[in-house]
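Enquirer: Let me give you the structure first, and then I'll get to my questions.
The values are calculated or read from the model by the stated rules, or taken from the named source; none is laboratory data. Here the structure is a predicted model, which means the values were calculated and not measured. Don't worry about glycine lacking a Cβ; one is built from the backbone with ideal geometry, like all the others, and counts go over all protein chains shown.
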Amino acid sequence: MLRLPSFTYLQPKTLHEALAMKVDAGPDGVFVSGGTDLYPNMKRRQQEPKIVISLMGIPELQKTEGGNDGRTEGRTVVGSCITLSELAIVPSFRRGYPVVVHAAELVSTPLLRNMGTLGGNLCLDTRCNYYDQTYEWRKAIDFCMKKDGHICWVAPSSPRCWAVSSSDVAPVMVVLGAEFRLVGPKGERVVPAGRLYANDGINYLTKHADEILADIRLPAPDDWDATYHKLRRRGSFDFPVLGVAAWIRWDDRTVADARIVLGGVASRPQEIVEAGRVLTGTDLSEEAIAAAADAAYRPAKPLDNTDFDLSWRKQMTRVYVKAALQELRQRRTAPA
Amino acid sequence: MGTRKKAAVKETAAVGRPGTPFRVVGNALRKVDATAKVTGVTKFADDLFLPRMLYAKLLRSPHPHARITAIDTSRALTLPGVKAVLTGHDLPIPFGILPVSQDEHALALDKVRFVGDPVAAVAAASEEVATAALDLIAVTYELERPITDAEDAVAHPEPRIHDYGDLGNLHKLVNLEFGDVEQGFAEADLVRDDLLFFEGSTHLPMEQHAAVGDWSPPPDGKLTLWSSTQTPHYVHRALAKVLELPPAKVRVIATPNGGGFGGKSDPFSHELVVAKLAMLTGRPVKITLTREEVFYCHRGRHPTLMWVKTGVKKDGAITAMHFKSLLDGGGYGSYGVASTYYTGALQTVTYHVPRYKFQGARAFTNKPPCGPKRGHGTPQPRFALEVHLDKIAEQLGMDPAELRLKQLVPPNSLTANWLRIGSMGLGACIRKVVQGSGWKEQFRNLPHGKGIGLACSSYITGAGLPVYWNAMPHSGVQLKCDRGGGVTVFCGSTEIGQGSDSILAVLVAEVLGLDPFDIAVVTGDTDLTPVDLGSYSSRVTLMTGNACIQAAERAREMIRRHAATQLAVPAERLAFAERRIFDVADPACGLSFAEAVQLAEAAEGTIGTVGSYTPQPSAGKYRGAGVGPSPAYSYSACVALVDVDPATGIVRVPRVWIAHDVGRSINAASVMGQIEGSVYMGLGEALMEEMAYRGNRNVVHKIPSLLEYKSPTTLEMCDVVTYVVEDPDPNGPFGAKECGQGPLLPVPPAVANAVYDAVGVRIDEVPITPEKVFKALRRKEKGEAARYGPDQFPDIPWPEPTRVAPPWEGGDGTAAEGGKGRQKAAALAARKR
């Protein structure tokens, strides 16, 4: 059977201790939370850390503060190591951020959500079906630039890796304008969600390897609404081959502001600025929705490295953006 | 929702089944191994740990087609913990499941034929060390052009993948003609031809293959192999041959299989390798394949391109049929010759086909070998035929159900290709699903996007011939009665989750008036059990069942004789029930079963009997007549309801109605489970399963993982409304026929036909993926042919046809011309001797 290689497993009790362990471990060390991404990758030798530092014993990373406790100005702050299953049952989340709960519940399977964490899903390794393979398989194609090789098999003339951002929760965080608090050995910083990600399959996070994604800060629930639609082959297990996160700030029945963020089409969650722009000022008429869908369709550039045929996936961008926006309109116009 | 019909499972069989003479047979019974399985007590092959056991790993080829010019294992041997390294030259004798395709080596001798072909093996103190050692083995390859698929093989006879086969890279060519089809087409009112493609898929058993070898050194010189195999007898033969051991010095124990579906029916490299490594090291050696390696073992569904042409009268009566198939066989022979014949054999057993022509070709390609997957070679042509008939019905303006009902093959008849039909319940099956689904109201009447489709099928209940030619029984049973009242039944059959152990217990219990849980079942051990050929071709219930009934009846007669003397009652008045033997005229007068056994044992010595089963000879005598004959044929009819989203092409199947003629249900719960399981597997093949390769990247398997090889989850599974039709067959045990494979067959064509009903496009290819539906819908919008499917069948240099007159044209089942192959081969063999 496929076996995990030997490694040293460390269990710090504080953030400070975790950071120090990472400094000691150097490039051989990695942080892990639920491990549902890292451990299978280690079995396949996609990642070969010698020291694995678990964040699951650090109480600070499990906390949820929220609502109107006076400290967070209506925002909710959630620790990165809450599991996706736990997240989905936090009452304030279900009330204030149903879109986050919905996205979290679409991740993989119940069993994996019991282990997998919010932070883990946000930092999920980019995926590619030339890369998510065993060592022997990758050897048979002479490896790829993401691990052990020199070429990107998806786009052989490309200087960069095209592995795909496959998180369900990341596009939602970007579309909501969430912020992430990163803590490193030299201090901490808060970055907008969209800035955590880079469009490069290898360096897909702007987070430094020795930084820890400590918590996620969600804007106060007020006059905005958002939804997330996921395309995949099956109703469980599968990563998204397309995720559509749509966000609208309403001014009565008019769109005051809008954002569309796509998952599964680039190495990062991809905001389609043009789509948001064409929606602003409209009442989400069919024409406006069609224009936004079209705007999302054009730059969406799926490549042949996930499930399904890439031209069909591109076609589906239009269909899924449309469906997401129609849902938001329906929710606004439907009698309460 | 929620009308999935489930029989209530009763704990005891003592109640009897109303309206039948049976007490046990036909009830919904707990399987004899169920408790052990659900409580984790069952020992699968990977659960075995022997003292001082080593672990083996296989080094596999990274190239699809290459010559091995050098292998250097010296570095691997120096790694601490490594105990032995093997290469092809350590096991140079070829093997293969069919005598005509002995084309495999335990480890590649001089050539590799697919990415994943085993090249070297390591035994080490741990799996980690064995894995690390693989990287230290240096293999030098000289690359050859890979053959990527069947069409590529037709176009490129060179470089040859094997140095045998009918022509270039075509492994097998078949050309059979039963009557003059051209004349049949001339007599037809409508002649239609269609091209269809069935993609390859794999079995996906939950349990990965695993094996443990153990060796008692001389003077014992005895090898024991535990393996998750469906065919311990054939593995026994392969081990004896390749390891050059006397068969008496080889013991194969088939551990319970965590699913097989045909994927564990061949002797495999890893079985021979752990055996050899055990012999070399003197220590037990285990191997458990990774999921990826299971994809490389494969032996799954052949990707098959098909062309079918049928002539019909205005009323739908078939005048002639011509069927062509091209199978992508992968790198080795496996069961492929039989698979090729199977793509042409069973077209004739559902609807009357008076004249029939079949041309089949199997290509060698540089991919994992294809072989028998549930339905072996018949789901592909069944898909083609049932979609083709749906189109014919539409062209004739006939209801597809009516069209089929009008031309059913009569029971107790011979087909054009000389298959002997016994009981035939297809008509009853069609009527059940038509009524249950509301077919008449729904067909062509549902709103756009919703559709309903119908298809039928038939399958063999056991192959009429063994894999290697011999005149001995296909199944043997020994039975021992214990003086405590228990009975032990011994049979070489293999429990792969299908319930074959339970069948033995149920049948013995029925005959001897016991409870199935009184019976100890010992199976799948070549030292302990008489030969059964294996769990393949849906043969076990019928063949071991008949053997088992014979052994039990012989025991019953012995026991009855002595009970009659003791009770002073005529033997024919004694009945066996509820663990007693009693006078039917005076039930109070009797003995317990244990007392009766004691009497018999005191008088005769140990009470043991045997039973065996050999199918009757097939009616066809031409070359190729060996594939298709069966003691009995099961029948199925299926209606599928689909939802097709025209915006995306995504197809969902909310419900399937399926009726299956099982002859006689032995265990109602198992029958229901097998039918539902078949529907599940058929649904996966219909909608998503695909052995995909990157033709332009070294012909590497695209997705050898459980995550990316898409198979339906519970969420995709449809509701199933099951109707069990019982049309007892005189050849079956108490009339039973198969139910483990046949019900898969009608599912893909029923779904395809329903998609057409829903959105008016023909998807002449499975899996019916959203992309294909979407493309076909686009074509339809543009006014092009509303279809997705293959557009040509390549020119193949067919050999001269073997011409056999159908029974109604005065034939005797032998070939009139062209079919002298068998005699020729025999003459050749005689000369060689």
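Enquirer: Any chance segment A:92-110 includes a residue that's of a type outside the set (Val, Ile, Thr) and closer than 23 Å to B:Val700 by Cα?
Expert: No, there is no match, as no residue in segment A:92-110 is of a type outside the set (Val, Ile, Thr) and closer than 23 Å to B:Val700 by Cα.
Table: residues versus (1) in contact with a strand residue (DSSP E or B) (Cβ under 7 Å, 6 or more places away or on another chain); (2) closer than 23 Å to B:Ile496 by Cβ; (3) among the aliphatic types (A, V, I, L, M).
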residue	(1), (2), (3)
B:Glu207	no, yes, no
B:Thr224	yes, yes, no
B:Ser228	yes, yes, no
B:Leu239	yes, yes, yes
B:Leu245	yes, no, yes
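Enquirer: Return yes when A:Arg44 is surrounded by fewer than 19 Cβ atoms within 10 Å (Cβ to Cβ), within 14 Å of chain B (Cβ to nearest Cβ), closer than 19 Å to A:Lys147 by Cα and in contact with a helix residue (DSSP H, G or I) (Cβ under 7 Å, 6 or more places away or on another chain) and no when it is not.
Expert: no
Enquirer: From the set of residues in segment A:213-262 that are small (Gly, Ala, Ser) and outside any strand (DSSP E or B), which is farthest from the other protein chains (Cβ to nearest Cβ)?
Expert: A:Ala220
Enquirer: Could you check how many residues of segment B:647-674 are part of a loop (DSSP other than H, G, I, E, B), crowded, with 24+ Cβ neighbours inside 10 Å and hydrophobic (A, V, I, L, M, F, W, C)?
Expert: The number of residues fulfilling the criteria is 2.
Enquirer: Here is a further query. In segment B:735-768, how many residues are buried (at least 24 other Cβ atoms within 10 Å of the Cβ), small (Gly, Ala, Ser) and under 22 Å from the mean Cα position of the chain (by Cα)?
Expert: 4
Residue by residue, here is whether (1) part of a helix (DSSP H, G or I); (2) at pLDDT 95 or above; (3) buried (at least 19 other Cβ atoms within 10 Å of the Cβ) holds:
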{"residue": "B:Leu715", "(1), (2), (3)": "no, yes, no"}
{"residue": "B:Asp727", "(1), (2), (3)": "no, no, yes"}
{"residue": "B:Asn731", "(1), (2), (3)": "no, yes, yes"}
{"residue": "B:Gln792", "(1), (2), (3)": "no, yes, no"}
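Enquirer: For segment A:184-212, which residues satisfy the criterion of being assigned to a strand (DSSP E or B) and surrounded by 23 or more Cβ atoms within 10 Å (Cβ to Cβ)?
Expert: A:Tyr197, A:Ile212
Enquirer: Further, regarding this structure: Run down A:Glu327, A:Glu286, A:Glu274 and say which single residue is under 15 Å from A:Thr227 (Cα atoms) and among the acidic types (Asp, Glu).
Expert: Residue meeting the stated conditions: A:Glu327.
Enquirer: Output the number of residues of segment B:54-89 satisfying the condition of being in a helix (DSSP H, G or I) and either within 14 Å of chain A (Cβ to nearest Cβ) or surrounded by fewer than 17 Cβ atoms within 10 Å (Cβ to Cβ) (or both).
Expert: Of the residues in segment B:54-89, 5 are in a helix (DSSP H, G or I) and either within 14 Å of chain A (Cβ to nearest Cβ) or surrounded by fewer than 17 Cβ atoms within 10 Å (Cβ to Cβ) (or both).
Enquirer: So B:Met279 ticks every box in (1) within 14 Å of chain A (Cβ to nearest Cβ); (2) surrounded by fewer than 21 Cβ atoms within 10 Å (Cβ to Cβ); (3) not aromatic (Phe, Trp, Tyr) but one. Which box is left unticked?
Expert: (1)
Enquirer: Just the residues that are assigned by TED's automatic domain parsing to the domain that holds B:Pro94 and more than 26 Å from the chain's Cα centre (by Cα), please, taken from segment B:275-312.
Expert: Across segment B:275-312, the qualifying residues are B:Ala275, B:Lys276, B:Leu277, B:Ala278, B:Met279, B:Leu280, B:Thr281, B:Gly282, B:Arg283, B:Pro284, B:Val285, B:Lys286.
Enquirer: Here's a follow-up. Which residues, taken from segment A:123-173, are within 12 Å of another protein chain (Cβ to nearest Cβ), part of a loop (DSSP other than H, G, I, E, B) and free of Cβ contacts under 8 Å to residues at least 12 places away in the same chain?
Expert: A:Asp142, A:Phe143, A:Ile151, A:Pro156
Enquirer: May I pose another question? Please note which strands (runs of 3 or more DSSP E) are completely contained in segment B:538-646 and include at least 3 residues that are within 30 Å of B:Thr769 (Cβ to Cβ), touching a helix residue (DSSP H, G or I) at 6+ places or on another chain (Cβ under 8 Å) and at pLDDT 95 or above.
Expert: Where strands (runs of 3 or more DSSP E) fall fully within segment B:538-646 and carry at least 3 residues being within 30 Å of B:Thr769 (Cβ to Cβ), touching a helix residue (DSSP H, G or I) at 6+ places or on another chain (Cβ under 8 Å) and at pLDDT 95 or above, they are B:633-644.
Enquirer: Still on this structure, please answer the following. Could you tell me whether any residue of segment B:284-293 is touching an Asp or Glu at 6+ places or on another chain (Cβ under 6 Å), within 14 Å of chain A (Cβ to nearest Cβ) and surrounded by fewer than 21 Cβ atoms within 10 Å (Cβ to Cβ)?
Expert: No, segment B:284-293 contains no residue that is touching an Asp or Glu at 6+ places or on another chain (Cβ under 6 Å), within 14 Å of chain A (Cβ to nearest Cβ) and surrounded by fewer than 21 Cβ atoms within 10 Å (Cβ to Cβ).
Enquirer: Another question, then. Out of the residues in segment A:1-41 that are charged (D, E, K, R) and buried (at least 17 other Cβ atoms within 10 Å of the Cβ), state the one that is farthest from the other protein chains (Cβ to nearest Cβ).
Expert: Once the filter is applied, the top-ranked residue is A:Lys22.
Enquirer: Okay, next question. Looking at B:Ala150, B:Ala120, which one is in contact with a strand residue (DSSP E or B) (Cβ under 7 Å, 6 or more places away or on another chain) and within 25 Å of B:Asp214 (Cβ to Cβ)?
Expert: B:Ala120
Enquirer: So, in segment A:97-122, how many residues would count as being of a type in the set (D, E, K, R) and either within 14 Å of chain B (Cβ to nearest Cβ) or under 30 Å from A:Arg160 (Cα atoms) (or both)?
Expert: Of the residues in that region, 1 qualify.
Enquirer: Taking only pairs six or more apart or across chains, which ones have beta-carbon atoms under 6 Å, a first residue in segment B:104-132 that is within 11 Å of chain A (Cβ to nearest Cβ) and over 21 Å from B:Ser74 (Cα atoms), and a second residue that is in a loop (DSSP other than H, G, I, E, B) and among the basic types (Lys, Arg)?
Expert: B:Phe114/B:Lys367
Enquirer: Of all the helices (runs of 4 or more DSSP H) wholly in segment B:365-448, which have at least 2 residues that are closer than 30 Å to B:Ser665 by Cα, of a type in the set (A, V, I, L, M) and assigned by TED's automatic domain parsing to the domain that holds B:Pro749?
Expert: Answer list for segment B:365-448: B:379-396, B:400-406, B:426-437.
Enquirer: Name the one entry in B:Glu716, B:Glu676, B:Glu689 that is touching a Ser or Thr at 6+ places or on another chain (Cβ under 7 Å) and within 14 Å of another protein chain (Cβ to nearest Cβ).
Expert: B:Glu689
Enquirer: Give the residues of segment A:59-84 that are among the acidic types (Asp, Glu) and modelled with pLDDT of 85 or more, sorted by residue number.
Expert: A:Glu60
Enquirer: While we're on this one: Spot the failing condition for B:Lys31; the list is (1) closer than 20 Å to B:Ile519 by Cβ; (2) of a type in the set (D, E, K, R); (3) touching a strand residue (DSSP E or B) at 6+ places or on another chain (Cβ under 7 Å), and only one is missed.
Expert: (3)
Enquirer: Could you please give the count of residues in segment A:317-336 that are surrounded by 16 or more Cβ atoms within 10 Å (Cβ to Cβ), over 20 Å from the mean Cα position of the chain (by Cα) and of a type in the set (A, V, I, L, M, F, W, C)?
Expert: Adding up the residues that qualify gives 4.
Every residue, every condition in (1) surrounded by fewer than 22 Cβ atoms within 10 Å (Cβ to Cβ); (2) among the polar types (S, T, N, Q); (3) at positive phi, yes or no:
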{"residue": "B:Ile559", "(1), (2), (3)": "no, no, no"}
{"residue": "B:Ala564", "(1), (2), (3)": "yes, no, no"}
{"residue": "B:Ala571", "(1), (2), (3)": "yes, no, no"}
{"residue": "B:Arg579", "(1), (2), (3)": "yes, no, yes"}
{"residue": "B:Pro587", "(1), (2), (3)": "yes, no, no"}
{"residue": "B:Ala594", "(1), (2), (3)": "yes, no, no"}
{"residue": "B:Ala632", "(1), (2), (3)": "no, no, no"}
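Enquirer: Would you tally the residues in segment B:272-325 being in a strand (DSSP E or B) and of a type in the set (D, E, K, R)?
Expert: 3
Enquirer: Out of segment B:763-780, which residues are within 13 Å of chain A (Cβ to nearest Cβ) and not in a loop (DSSP other than H, G, I, E, B)?
Expert: Answer for segment B:763-780, where residues must be within 13 Å of chain A (Cβ to nearest Cβ) and not in a loop (DSSP other than H, G, I, E, B): B:Pro770, B:Glu771, B:Lys772, B:Val773, B:Phe774, B:Lys775, B:Ala776, B:Leu777, B:Arg778.
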